[in-house]
Amino acid sequence: MSLFNCISNQCPLGSSNKLGSFGAVPQLGGAQRRDKSRNSRRISSITAYYGLKSPPYKLDALEPYMSQKTLEVHWGAHHRGYVEALNKHLAKNDVLYGYTMDELIKVTYNNGNPWPEFNSAAQVWNHDFFWESMQPGGGEMPTLGLLQQIEKDFGSFINFREKFVEAALTSFGSCWVWLVLKREKRCLAIVKTSNAINPLVWNDIPITGLDVWEHAYYLDFKNDRAKYINTFMDHLISWEAAAARMARAQSFVNLGEPKIPVA
Amino acid sequence: MALRTLITKNPLRAAAPLASRGLQTFSLPDLPYDYGELEPAISAEIMQLHHQKHHQAYITNYNKALEQLDAAAAKGDAPTVVKLQSAIKFNGGGHVNHSIFWKNLAPVRAGGGEPPHGSLGWAIDNNFGSFEALRQKMTAEGAAVQGSGWVWLGLDKEFKRLVVETTSNQDPLVTKGASLVPLLGIDVWEHAYYLQYKNVRPDYLKNVWKVANWKYASEIFEKENP
């Protein structure tokens with residue numbers, strides 16, 4: 001997702017690094033980012049920009065549950081707007097250059113006192129995550145390991161669904177609702193966040209998410225938030241994407257010992 | 001007609017006492033104009049949804065929360081009383097804010113859009129330099145609200161000056177200062193403009209001035225600042 005052009009008159013590949021060209025490459029990311037005393041920062045012009053990632057399906061693929069019109073405006077205008085705003089911020093503030101998106105979000109969140117860049121960065125990430133959390137022919141139920149974990153942490157899938165819908169219905173204002181894997185507690189949980197905040201700022205691992213800002217549903221459902229949420233759960237949510245994220249999450253969070261039969 | 005006047009005069013007072021305890025509940029105030037009369041600045045569809053669905057939902061949930069609060073307070077159930085505060089702030093705030101908002105708008109035939117004269121006009125020039133400067137400030141601050149909220153022109157009764165403030169979600173202006181009185185509020189929740197303006201909130205803010213009811217704002221100003 002991130003590309004950069006580096007026009008520097010101190011090309012690290014030409015340096016007399018004793019490790020040879022292999023060892024020189026890490027300098028580009030590491031030393032140049034952290035070492036503020038280097039003059040090259042002022043002389044060279046570095047442009048970093050994020051691109052607008054397309055959803056993994058055509059804009060009309062979620063019809064009739066989420067209209068093409070909504071995708072066109074939500075992705076094409078809102079999401080695109082966040083990307084452009086982020087790039088404008090980054091162009092002005094090169095302290096943030098070189099950070100990965102995750103790092104960018106955590107740093108600009110600033111422990112609850114966010115920098116202006118946070119809103120743009122987090123919303124770019126949130127919307128990328130959201131498009132990937134849906135699929136044509138979505139809905140139904142998770143299977144296998146993810147289903148087991150949901151049943152373990154919520155009692156049953158029905159109970160999880162109820163809690164998720166309730167969380168989305170009772171959130172005030174512009175919000176997101178997430179299913180996350182909590183790192184410390186090593187269990188799944190439902191989390192509500194407001195505006196641009198996402199679970200990355202607390203170092204938790206999002207498994208799936210729902211945009212409950214009014215712009216996400218107003219064109220299709222007007223004020224009927226409940227119908228939108230239920231449509232999402234019944235027809236849009238991609239449990240495959242959630243399962244893939246869960247699988248990856250397990251490389252970071254040990255969810256317990258496998259059951260090995262005694263005899 | 002008389003009933004309509006009763007309701008519009010005191011939308012924030014009780015419209016229906018609840019049973020014997022006398023708990024004051026609230027009902028949806030009528031608009032002093034038809035849904036279509038604010039076109040083309042705000043579409044009839046938006047006005048109808050905004051009034052009949054959104055504002056009504058705030059009132060319904062506010063009444064529910066008040067009943068629950070009443071029951072919990074009577075039983076001395078402190079945790080429940082505290083837990084209900086956010087629902088009361090949100091839904092009650094929604095009712096308070098929208099009741100003011102309907103009066104902050106007026107069709108052009110009723111003076112909507114006409115800048116204030118008299119003492120409020122003077123005060124605006126004193127505090128902001130010019131009416132245009134105020135308009136630009138409120139537009140900029142309204143556009144900058146992240147997520148849902150309101151932008152207000154308020155009178156600070158204590159310091160006798162005008163202020164531009166924003167509040168988030170449905171927080172009433174008074175949450176920004178106990179001495180603040182709302183003169184003009186603009187709803188920048190997406191439901192206030194989305195069907196017509198989509199994501200272009202600045203366009204909505206530009207156009208809403210054409211139906212801003214400065215007569216009402218002046219009335220409030222003169223009452224609170226004689």
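Just a yes or no: is a residue in region B:182-189 more than 14 Å from every other protein chain (Cβ to nearest Cβ), under 30 Å from B:Ser86 (Cβ atoms), buried (at least 22 other Cβ atoms within 10 Å of the Cβ) and of a type outside the set (A, V, I, L, M, F, W, C)?
Yes, region B:182-189 contains at least one residue that is more than 14 Å from every other protein chain (Cβ to nearest Cβ), under 30 Å from B:Ser86 (Cβ atoms), buried (at least 22 other Cβ atoms within 10 Å of the Cβ) and of a type outside the set (A, V, I, L, M, F, W, C).
Six or more apart or on different chains, Cβ under 8 Å: which pairs go from a residue in region A:175-196 that's free of Cβ contacts under 8 Å to residues at least 40 places away in the same chain and under 20 Å from B:Gly147 (Cβ atoms) to one that's small (Gly, Ala, Ser) and part of a strand (DSSP E or B)? Could you list them?
Every condition considered, the pairs that remain are A:Cys175/A:Ser194; A:Val177/A:Gly209; A:Trp178/A:Gly209.
It is to be established whether one or more residues within region B:149-166 are in a helix (DSSP H, G or I), crowded, with 19+ Cβ neighbours inside 10 Å and either charged (D, E, K, R) or touching a residue at least 60 places away in the same chain (Cβ under 8 Å) (or both).
No - not one qualifying residue is present in region B:149-166.
For region B:63-98, which positions are touching a strand residue (DSSP E or B) at 6+ places or on another chain (Cβ under 8 Å) and either within 20 Å of B:Leu31 (Cα to Cα) or within 14 Å of chain A (Cβ to nearest Cβ) (or both)?
Within region B:63-98, B:Asn97, B:His98 meet the criteria.
Touching a Ser or Thr at 6+ places or on another chain (Cβ under 7 Å), acidic (Asp, Glu) and under 27 Å from B:Arg109 (Cα atoms): which single residue out of B:Glu222, B:Glu158 fits that description?
It is B:Glu222.
Of a type in the set (A, V, I, L, M) and over 21 Å from A:Gln250 (Cα atoms), is that true of A:Met141?
no
Rundown of residues vs (1) exposed (fewer than 14 other Cβ atoms within 10 Å of the Cβ); (2) at pLDDT 95 or above; (3) not polar (S, T, N, Q), yes/no style:
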residue	(1), (2), (3)
A:Tyr49	no, no, yes
A:Met66	no, yes, yes
A:His79	no, yes, yes
A:Asp102	yes, no, yes
A:Tyr109	no, yes, yes
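Looking only at region A:237-260, decide whether some residue is surrounded by fewer than 18 Cβ atoms within 10 Å (Cβ to Cβ), of a type in the set (Gly, Ala, Ser) and within 25 Å of B:Tyr62 (Cα to Cα).
For region A:237-260, residues surrounded by fewer than 18 Cβ atoms within 10 Å (Cβ to Cβ), of a type in the set (Gly, Ala, Ser) and within 25 Å of B:Tyr62 (Cα to Cα): absent.
If a residue has to be touching a residue at least 40 places away in the same chain (Cβ under 8 Å) and in contact with a Pro (Cβ under 7 Å, 6 or more places away or on another chain) to count, how many in region A:124-166 make the cut?
Count: 3.
For residues that are more than 14 Å from chain A (Cβ to nearest Cβ) and polar (S, T, N, Q), scanning just region B:111-160, find the one that is farthest from A:Ala122 (Cα to Cα).
The residue in question is B:Ser119.
Restricting attention to region B:91-116, which residues are among the small types (Gly, Ala, Ser) and closer than 13 Å to B:Ala217 by Cβ?
B:Ala106, B:Gly111, B:Gly112, B:Gly113
Output the residue which, of all residues in region B:31-59 that are at pLDDT 95 or above and charged (D, E, K, R), is nearest to the chain's Cα centre (by Cα).
Only one residue tops the list, namely B:Lys53.
Of the conditions (1) away from every other protein chain (no Cβ under 14 Å); (2) closer than 19 Å to B:His50 by Cβ, B:Gln170 clears all except one; give me its number.
Unmet for B:Gln170, out of (1) away from every other protein chain (no Cβ under 14 Å); (2) closer than 19 Å to B:His50 by Cβ: (1).
Going residue by residue through region A:202-219, is there one that turns out to be closer than 20 Å to A:Leu71 by Cβ, touching a Leu at 6+ places or on another chain (Cβ under 8 Å), surrounded by fewer than 20 Cβ atoms within 10 Å (Cβ to Cβ) and modelled with pLDDT of 95 or more?
Looking through region A:202-219, at least one residue is closer than 20 Å to A:Leu71 by Cβ, touching a Leu at 6+ places or on another chain (Cβ under 8 Å), surrounded by fewer than 20 Cβ atoms within 10 Å (Cβ to Cβ) and modelled with pLDDT of 95 or more.
The values are calculated or read from the model by the stated rules, or taken from the named source; none is laboratory data. Note that the structure is a prediction, hence the values are computed from the model and not measured. For neighbour counting, all protein chains shown are included, and Cβ atoms are generated from backbone atoms with ideal geometry for every residue, glycine included.
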